[in-house]
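The values are calculated or read from the model by the stated rules, or taken from the named source; none is laboratory data. Please read all numbers here as calculations on a predicted model, not as lab measurements. Here the Cβ positions follow ideal geometry from the backbone for every residue, glycine too, while neighbour counts run over all protein chains shown.
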Amino acid sequence: MTAPADVTAALQSKFPQATLRPSGDHPALNLPIAEVFAALKYLRDELAYDFLVDVTAIDNGVEASPRFTAVWHVYSTTGHGYVRLAANCLNDEKPLAPSVVSLWATANWHEREAYDLLGIVFENHPDLRRILMWDGYPYHPLRKDFPLAGIQTPLPDLEVAELTGASVKPAPMAGGPFVSSPGEMNLTDAEPSAKDESWNERSEKPASA
C-alpha cells in the first residue's frame, strides 16, 4: 500500500507548484489547472491510482475570484488509497477544465454532470452536453446563485406541457426551506417537504376554481 505522505511527496516532486490542500480524510493537493491532466496521468501510470471515483466542482460564490474550483478524486485498487486534486478555473464567465475522458472513459458522464449542473466546460470532451437537464436549459442548478425554489422555465416538449397543464414548471415543492420530521416513522412520512406548498395547492385546483 502506498502511504499518503509518499503520494503527496511524489506529486510535489513531480509538480513543484502543487500545494497541500486542507483535508480531513485523504491526501489532497491544489494544482494549476494547466497541470491537472499530466498529474492525473502520472497518478494513474506511475502511482497505480487506476480508478477515477469522481469529477466535480465547487462554486466558491459569486463574489469569489476564481469562482469555480474543479475537483478530481482517484483511487488505487492495489494500494487502497484515495487522492484528491483540485484546480481553480480561471475564467469565471466560462470556467474551463481539461477533460480526462482519454484517461478514464467513465469521466464522460462525470464531466457532463459537472457541465450540466455547474457550467464547467471540459475541453476536448468528446460529447459535452447536458445529462440531467434538457438541451437548451439556460441555468446551472448547483450554482450558488440558483434559487432553492428553482426558476420557472418553458418546457421543451409541448406534450409534457399539456399533461402538466402549464407551459412552465417550477421546481417540485417550490417554496423551501425543506424540512423532514425526526424520529422513528414511516419513511414516506419522513420524506422532506416544503414549508410553503402553496404552489402545489394552486396547481391542484380545477381550472374553473
Unique match (being modelled with pLDDT under 55 and among the aromatic types (F, W, Y)) among W104, W199: W199
Residues that are among the hydrophobic types (A, V, I, L, M, F, W, C) and under 17 Å from L47 (Cβ atoms), drawn from the stretch 21-34: A28, L29, L31
Residue within the stretch 136-152 that is outside any loop (DSSP other than H, G, I, E, B) and either modelled with pLDDT of 55 or more or loosely packed, with under 13 Cβ neighbours inside 10 Å (or both) present: no
Among residues of the stretch 89-129, those that are part of a strand (DSSP E or B) and buried (at least 20 other Cβ atoms within 10 Å of the Cβ), counted: 4
Set D25, D45, D54, D50: member being charged (D, E, K, R) and free of Cβ contacts under 8 Å to residues at least 24 places away in the same chain: D45
Verdict on M173 being modelled with pLDDT under 95, in a loop (DSSP other than H, G, I, E, B), outside the structural domain of D45 (by TED's automatic domain parsing) and surrounded by 15 or more Cβ atoms within 10 Å (Cβ to Cβ): yes
Residues of the stretch 16-74 satisfying the condition of being of a type in the set (K, R) and farther than 11 Å from A87 by Cβ: K41, R44, R67
